[in-house]
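Colleague: Dropping a structure here in structure tokens format, bear with me for questions.
The values are calculated or read from the model by the stated rules, or taken from the named source; none is laboratory data. Note that the coordinates shown come from a computational prediction; the quantities given were computed from them, not determined experimentally. Glycine gets a Cβ as well: all are built from the backbone with ideal geometry, and neighbour counts include every protein chain shown. Note: areas computed on protein heavy atoms with side chains; ligands, DNA, RNA excluded. Shrake-Rupley method; radii C 1.70, N 1.55, O 1.52, S 1.80 Å.
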Amino acid sequence: MFSITVRDHLMIAHSFRGEVFGPAQRLHGATFLVDATFRRPELDDDNIVVDIGLATQELGAVVSELNYRNLDSEPDFKDTNTSTEFLAKVIADRLADRVHAGALGAGAHGLAGITVTLHESHIAWASYERDL
């Protein structure tokens, strides 16, 4: 399986509901490094996984929809604990929608999957992997 990874970053505010979250039940900020890995079993006719420029651009567009937002105030996330794992899935699903819409070029239709990893720090991160 071949893959490429592009990176961006994301700054949000949010809070959690539930005793398991301890002090994170209060409003707090989070900054994530966001890695999006695109994979396919065979390279396309140009010997690439996907256009890295388009992948970078589309990841940036998806991240910008969330960046500098208080997720507690976003209608899409009403009554939702926007955990790192959950946000990785949101970003992966939004990228998948862009692949299906053609935003990453015709060669992207051969992609097999996407993995999004959100790095909370140098010692903790979460990922979501999905097929296309």
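Colleague: In segment 21-31, which residues are within 21 Å of residue 128 (Cβ to Cβ) and either open to solvent by less than 20 Å² (accessible area, probe 1.4 Å) or not in a helix (DSSP H, G or I) (or both)? Let's see the steps before the verdict.
Modeller: Going through segment 21-31, the residues within 21 Å of residue 128 (Cβ to Cβ) turn out to be 21, 24, 30-31.
Scanning segment 21-31 gives 30, 31.
Colleague: Further, regarding this structure: So how many residues does segment 68-86 have that are within 19 Å of residue 33 (Cα to Cα) and in a loop (DSSP other than H, G, I, E, B)? Spell out the reasoning first.
Modeller: Taking segment 68-86 and keeping what is within 19 Å of residue 33 (Cα to Cα), we get 68-71, 82-86.
Cutting the leftovers down to in a loop (DSSP other than H, G, I, E, B) gives us 68, 82-83.
Within segment 68-86, residues that are within 19 Å of residue 33 (Cα to Cα) and in a loop (DSSP other than H, G, I, E, B) number 3.
Colleague: For the list (1) of a type in the set (A, V, I, L, M, F, W, C); (2) exposed (fewer than 15 other Cβ atoms within 10 Å of the Cβ); (3) modelled with pLDDT of 95 or more, I need the number of the one condition that residue 106 fails.
Modeller: So residue 106 meets the others, but not (3).
Colleague: Check segment 48-62 and report whether any residue there is farther than 19 Å from residue 132 by Cβ and among the polar types (S, T, N, Q). Working first, answer last.
Modeller: Taking segment 48-62 first, the residues farther than 19 Å from residue 132 by Cβ are 53, 60.
From the residues that got through so far, the ones that are among the polar types (S, T, N, Q) too are none.
No.
Colleague: Looking at residue 18, is it surrounded by 13 or more Cβ atoms within 10 Å (Cβ to Cβ) and at positive phi? Write out each step before concluding.
Modeller: Working: surrounded by 13 or more Cβ atoms within 10 Å (Cβ to Cβ): no; at positive phi: yes.
So residue 18 fails the test.
Colleague: Just the residues that are of a type outside the set (A, V, I, L, M) and either open to solvent by less than 30 Å² (accessible area, probe 1.4 Å) or modelled with pLDDT under 95 (or both), please, taken from segment 77-87. Show your work before the answer.
Modeller: Here is the first cut: in segment 77-87, the ones of a type outside the set (A, V, I, L, M) are 77-86.
Selection gives 77, 78, 79, 82, 83, 84.
Colleague: Looking at 6, 50, 34, which one is touching a residue at least 12 places away in the same chain (Cβ under 8 Å), more than 15 Å from the chain's Cα centre (by Cα) and not in a helix (DSSP H, G or I)?
Modeller: Values: 6 fails: more than 15 Å from the chain's Cα centre (by Cα); 34 fails: more than 15 Å from the chain's Cα centre (by Cα).
The unique qualifying residue is 50.
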